[in-house]
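All remarks here apply to the structure that follows.
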């Protein structure tokens, strides 16, 4: 079992497995390091996020880093944009079965795997009292609560989890009016992910939640089927949602944490020195992704401001009111992860915030 790194910080599936293992997809997004020797090991990395997303930039930097540090003994092939898998859940399954060596997907995608529903904690609203990424990194990578469920998942699967990083805060955009409280949210139809905690959280803020496939969001905004969408600021720009929106509320109610998943059999078959280099590269990836996504959030906000969107960031008082409203969604769903587990995580968050001087 490989713990998360300390950062101080039926047919379709068969087809996918065949294509990955059989080499139908042969083009990687960047060439292997030119070392003059053939790589001993090839790592295919799958992600559903687009090539234009900062996540792909981070994976390409990871590729360069690992190939260089391994002296060309490892070749990394990056497959973004859902080339190898149409969903994050399929990505995790591919790593579990050995269809690909590595994938990056939201931590909550592990919730339905190996009887570990507690991973849904990663999408519970307002876990921290302040929107400080350091709290979430310390919680996901170093807290005992997350280490225990990660260990349980690893013991039940052929997967190691090599750490967690973020892909940005979740915010709410709409095309009808400023959205600053429950009263102004009522009547809005906002696209939501399908999981009940997502839907219930959004509805606790006032709007009606409209579950919808992510790829249908842009035309639905154009046609007026929905008034808005919940997403991260880089995705508002990269997926062009902002073109159809007028208002953006920076709620920062969830920080989407991504896991780095590697096939355990593959990892264990690496020579010890390459395992060490691989783990070092994953630590590098975590720090790189944090920096890239934070910069992308800032630049995306500037882009949307220049496009004329009215942007409202929650004040401390407003954030407290929104968090109070979200408690109804937490109460309705906490049985799925266990009230005791939720309380334990909140206690660990409080401890982290105190250690960071945020309380």
Determine, yes or no, whether residue 144 is within 20 Å of the chain's Cα centre (by Cα) and more than 27 Å from residue 249 (Cβ to Cβ). no
Can you tell me which condition residue 259 does not meet? The list is (1) crowded, with 20+ Cβ neighbours inside 10 Å; (2) over 21 Å from the mean Cα position of the chain (by Cα), and all the others hold. (2)
Looking at residue 129, is it at pLDDT below 95, in contact with a helix residue (DSSP H, G or I) (Cβ under 7 Å, 6 or more places away or on another chain) and surrounded by fewer than 23 Cβ atoms within 10 Å (Cβ to Cβ)? yes
Only one residue in 149, 170, 197 is part of a helix (DSSP H, G or I), under 25 Å from residue 235 (Cβ atoms) and at pLDDT 95 or above. Which one? 197
Can you tell me which condition residue 105 does not meet? The list is (1) farther than 19 Å from residue 342 by Cβ; (2) outside any strand (DSSP E or B), and all the others hold. (2)
Check on residue 164, touching a helix residue (DSSP H, G or I) at 6+ places or on another chain (Cβ under 8 Å), modelled with pLDDT under 95, outside any loop (DSSP other than H, G, I, E, B) and crowded, with 22+ Cβ neighbours inside 10 Å: no
In region 160-211, the residues that are out of contact with any strand residue (DSSP E or B) (no Cβ under 8 Å at 6 or more places or on another chain) and closer than 19 Å to residue 243 by Cβ: none
Residue 195 - would you say it is buried (at least 19 other Cβ atoms within 10 Å of the Cβ) and closer than 26 Å to residue 162 by Cβ? no
For region 208-327, give me every one of the helices (runs of 4 or more DSSP H) that falls completely inside it and has 1 or more residues that are more than 26 Å from residue 120 (Cα to Cα) and at pLDDT 95 or above. 217-223, 264-268, 272-306
Among the residues of region 289-324, what is the count of those that are on the phi < 0 side of the Ramachandran plot, out of contact with any strand residue (DSSP E or B) (no Cβ under 7 Å at 6 or more places or on another chain) and surrounded by fewer than 20 Cβ atoms within 10 Å (Cβ to Cβ)? 18
Which of the residues belonging to region 222-231 are more than 11 Å from residue 172 (Cβ to Cβ) and in contact with a strand residue (DSSP E or B) (Cβ under 7 Å, 6 or more places away or on another chain)? 226
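Go through region 173-194 residue by residue and tally those that are more than 24 Å from residue 53 (Cβ to Cβ) and assigned to a loop (DSSP other than H, G, I, E, B). Before you say what the answer is, go through the steps one by one.
Just the residues of region 173-194 that are more than 24 Å from residue 53 (Cβ to Cβ), to begin with: 176-189.
In the following step, the residues that additionally are assigned to a loop (DSSP other than H, G, I, E, B) were identified as 176-181, 186-188.
Of the residues in that region, 9 qualify.
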Quick check: anything in region 117-126 out of contact with any helix residue (DSSP H, G or I) (no Cβ under 7 Å at 6 or more places or on another chain) and either buried (at least 24 other Cβ atoms within 10 Å of the Cβ) or over 22 Å from residue 276 (Cβ atoms) (or both)? no
So how many residues does region 82-98 have that are modelled with pLDDT under 90 and over 14 Å from the mean Cα position of the chain (by Cα)? 1
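The values are calculated or read from the model by the stated rules, or taken from the named source; none is laboratory data. No experiment lies behind these values; they were computed from the predicted model shown. Here Cβ is always computed from backbone atoms with ideal geometry, including for glycine, and neighbour counts include all displayed protein chains.
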